[in-house]
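Notes to accompany the following structure.
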Amino acid sequence: MSRTARIGVDVGGTFTDLLLHDPARGLTWPGKLPTTPHAPHDAITAGITRLLAETGTDPGDVAGVVHGTTLVTNTLLERTGAVVGLLTTDGFRDALEMAREIRFDPTDLHARPAPPLVPRHLCRGVPGRLTADGTELTPLDEDAVLAQVADLLAHGVEAVAVALLHAYRDDRHERRVRELLARAHPGLPVTLSSAVTPVIGEYERASTACLNAYVQPLVAHYLDALRADLTTLGIDAPLHIMLSGGGVTTVEDAKAFPVRPLESGPAAGAIAAAAVARRAGEPDVLSFDMGGTTAKIAIVSGGEPRRKHEFEAGRVDKFKPGSGLPVKLTVVDLIEIGSGGGSIAAPDPLGLLKVGPRSAGSVPGPVAYGRGGEQPTVTDADVVLGYLDPDAFLGGELRLRGAEARKAVARDVGDPLGLDETGAAAGIVEVATASMAAAARMHLAEHGRDPAGFALVAFGGAGPVHAYGLAKQLKIRRVIVPMRAGVMSAYGFLVAAPTVDLARSLPSPLSEVDWTRVAALYGEMAEQAAAVLGPGVRLRRSADLRYLGQGAALEVGLPEGGDLREAFEVAYREAFGRTLDGPVEVVDWRLTADLPGHDVGLGCAPADGDPRRGEREVHFPGHGRVRATVWDRYRLRPGTELTGPAVFEERESSCSFGPDCRIRVGDDLTLFAEIR
């Protein structure tokens with residue numbers, strides 16, 4: 001019998017989400033359990049074991065496992081990576097310390113930049129120089145390379161990053177360094193900036209190479225251990241890893257370039273939302289993924305999430321741009337807000353209610369979990385307002401302590417602010433929603449878009465709970481809540497396409513482009529992509545362009561037989577509302593190669609029985625407390641049309657719609673709500 005089952009596993013800050021899909025049996029089965037922060041493997045293996053048992057799936061029938069992890073992010077935030085030494089061109093050892101020479105917050109006199117991953121005494125310059133066009137000016141001093149690395153190893157260095165000047169144009173010196181170190185110090189992890197991100201930008205390229213070297217030993221150990229755990233379970237299928245840009249790659253590629261899965265979890269959510277949008281026939285949607293720790297919002301246009309090619313990691317202030325370390329890689333363009341189910345609520349010294357970014361996480365978790373949490377959270381407020389049924393949370397596996405949640409909300413928020421428990425809980429939710437709405441407006445405004453023209457796709461454990469309130473604040477009239485909404489990131493892993501994103505810098509005025517050289521670059525990138533993905537790849541070519549003298553560039557797809565300047569000006573006008581006179585230059589040439597993704601259905605056959613579970617009081621913004629009908633999502637029939645107020649419950653999530661809503665049940669049990 002052929003193997004057809006695939007499993008997606010998303011390890012989040014609060015919960016580990018799993019989804020098993022077996023097209024041969026028409027089966028899609030979710031799993032959700034609390035994350036084990038100090039031993040992520042425990043939750044992964046326990047979750048997979050449970051999925052196999054609940055679905056009657058033999059481990060030998062599993063065809064593949066796709067995984068996303070916060071390991072890279074956590075390692076960077078906790079500064080628990082390898083001791084890294086940096087080899088750079090003589091005279092340029094201070095690039096990491098100098099950074100961009102700007103203050104990320106000019107109003108904060110105490111603001112300090114994120115410290116470099118490699119301290120200055122472990123940054124070493126070696127003689128050897130290439131010019132900006134790749135011509136060798138000074139030969140590489142090989143004796144100096146070996147001497148400097150020997151001294152770095154004596155100082156406890158565990159991995160080496162190599163970022164030589166102009167290596168993006170010609171990598172011969174960096175490749176020679178790797179050859180020397182492979183012979184002199186076999187087994188030493190070596191990262192070349194020209195291999196990780198061969199694009200212009202000395203500081204950004206060096207920063208990315210250092211981060212890759214910093215996490216490489218730990219990620220390699222983690223993936224090897226996970227592979228061993230799967231083998232112990234009897235699963236010998238390929239393990240694939242989610243990338244920050246929304247594709248998946250092999251374990252070998254992830255071990256060589258562990259920086260690339262940096263934002264794998266948030267990317268998977270946006271990929272899932274795009275798949276839901278395509279199924280629903282919605283060209284433009286706002287992806288709203290709210291979990292236990294944060295909320296992520298992304299634009300999906302034309303059935304694809306927007307992407308960008310630079311990101312900040314390890315921010316000193318999580319929500320202040322410029323406070324982190326730049327990373328040159330392809331990521332899904334999203335905004336992250338410190339509002340999740342576990343976000344802690346409390347008045348500040350001025351008596352203003354603040355929600356987040358501090359989070360109770362999975363340990364101890366919200367007060368309602370009964371695991372030692374003492375400070376009220378958004379989830380506790382949801383219990384007080386009637387959005388969550390304490391006896392049905394996680395299908396009844398985790399019974400919420402409603403009385404304790406109400407007591408904590410009243411004590412820590414209501415009493416200091418002179419509010420009853422309902423007013424205090426409504427205030428917590430309103431502040432959290434307002435924070436998410438403000439971030440969404442800003443994100444859309446940066447791209448010249450109006451939220452009213454979008455539908456909202458809500459998922460994550462807490463996303464559907466707060467979708468109605470967020471949509472009202474953004475004046476969005478259409479809300480889509482897919483089945484299995486609580487494990488949609490795991491769904492994103494299963495529908496994501498195997499992908500390779502590559503780029504090469506060859507700066508040139510557009511009128512002087514050496515098209516023969518460009519064709520050669522694309523040929524090299526296509527060969528590199530085929531080596532990872534195999535035959536049958538689809539190729540998409542694009543370029544980063546800007547007006548001569550500008551610092552930022554816009555990515556533009558290469559038109560087939562069209563005018564590249566015209567395509568650039570169309571993109572520029574869309575972004576900024578005008579175009580400029582003057583010459584245009586190309587900075588980077590990009591290639592995206594992928595294989596077809598998987599078509600994974602989220603629906604299930606409706607269960608027998610009455611879908612109506614009863615009624616309970618629920619507080620809706622603008623309506624107060626009203627009696628709402630509670631529906632079992634598993635028993636709803638396709639085509640059913642309902643009116644609010646209504647609560648829809650499934651094992652991994654719950655969603656609520658106010659009295660001003662009409663809700664239609666789709667063919668795959670997706671909920672489509674219209675807010676009047």
Query raised in the report: Using modelled amide H (1.01 Å from N, peptide plane; none on Pro or chain starts), what sits under 5 Å from the amide H of Lys354, excluding residues fewer than 5 places away?
Result: Ala346, Asp348
Query raised in the report: To the nearest 10 degrees, how steep is helix 515-533 against the longest Cα principal axis of the chain, on a 0 to 90 scale?
Result: 50
Query raised in the report: Which of these values of percent of Cα pairs over 42 Å apart was calculated from the structure shown: (1) 39; (2) 28; (3) 33?
Result: (2)
Report summary line: Over the chain, the sum of -39500 (n - 2.57) across DSSP H runs of at least four, divided by residue number and rounded to 500 deg cm²/dmol, gives at 222 nm -9500 deg cm²/dmol
Query raised in the report: What list do you get for Tyr572, Tyr491, Tyr369 if you sort them by fewest beta carbons within 10 Å?
Result: Tyr572, Tyr369, Tyr491
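Rounded to the nearest 5, what is the percent of antiparallel bridges among the DSSP beta bridges in the chain? Don't skip to the answer; put the middle values down first.
Details: 89 of 123 bridges.
Looking only at bridges with both residues in the chain, the antiparallel portion is about 70 percent.
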Report task. Starting from the Cα-Cα distance between Asp42 and Arg306, subtract it from 0.36 nm times their residue separation and give me the gain in nm to one decimal. Result -> 91.6 nm
Query raised in the report: So, in Å, what gap is there between the alpha-carbon centers of the range 417-461 and the range 589-642?
Result: 20
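Between Arg613 and Ala24, what length comes free when the chain is fully extended (0.36 nm per residue of separation minus the Cα-Cα distance, one decimal in nm)?
Details: separation 589, 0.36 × 589 = 212.04 nm, distance 3.25 nm.
Taking Arg613 through Ala24 to full extension adds about 208.8 nm, to one decimal.
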Query - Derived scalar couplings ³J(HN,Hα) [the range 480-495; Karplus, 6.51 cos²θ - 1.76 cosθ + 1.60; whole Hz; x for Gly, Pro] - result: 10, 10, x, 5, 6, 4, x, 10, 5, 5, 5, 5, x, 4, 6, 8
Report summary line: Expressed in nanometres to one decimal, the distance between label points 7 Å along Cα→Cβ at Asp599 and Arg541 is 3.1
Query raised in the report: Tell me, how many Å apart are the Cα centres for the range 1-27 and for the range 481-495?
Result: 10
Requested in this report: Would you give the gap between the C-alpha center of the range 151-188 and the C-alpha center of the range 306-332, rounded to a whole Å?
Outcome: 26
Report summary line: Exposure proxy check on Thr379, Thr592: fewest-to-most Cβ neighbours within 10 Å is Thr592, Thr379
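How high is the relative contact order of the range 612-665, given as a whole-number percent (alpha carbon pairs under 8 Å, six or more residues apart)? Walk me through the numbers on the way to the answer.
Numbers: 104 pairs, mean separation 16.2, N = 54.
Contact order relative to length: 30 percent.
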Query raised in the report: In nanometres, what is the gap between the two model label sites at Val570 and His221, each 7 Å from Cα along Cα-to-Cβ?
Result: 5.1
Query raised in the report: In degrees, nearest 10, range 0 to 90: what is the angle between the Cα axis of helix 172-184 and the longest Cα principal axis of the chain?
Result: 90
**Report entry** Cα→Cβ-extended label distance, 7 Å offset, between Arg183 and Ala403, nm
**Finding:** 7.7
Requested in this report: Return Lys296, Lys472 ranked ascending by Cβ neighbour count within 10 Å, so the fewest neighbours appear first.
Outcome: Lys472, Lys296
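Can you tell me the length gained on complete extension of the stretch Ala132 to Ala111, counting 0.36 nm per residue apart and subtracting the Cα distance?
4.1 nm
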Requested in this report: Just list whichever of Lys407/Lys472; Lys308/Lys472; Lys320/Lys472; Lys255/Lys328; Lys296/Lys472 have alpha carbons separated by over 20 Å in the model shown.
Outcome: Lys407/Lys472; Lys308/Lys472; Lys320/Lys472
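Every read-out reported here was derived from the displayed coordinates using simple, explicitly stated rules and does not represent laboratory data. Given the structure is predicted, the values throughout are model-derived calculations rather than measurements. Virtual Cβ from ideal backbone geometry, glycine too; neighbours counted across all protein chains shown.
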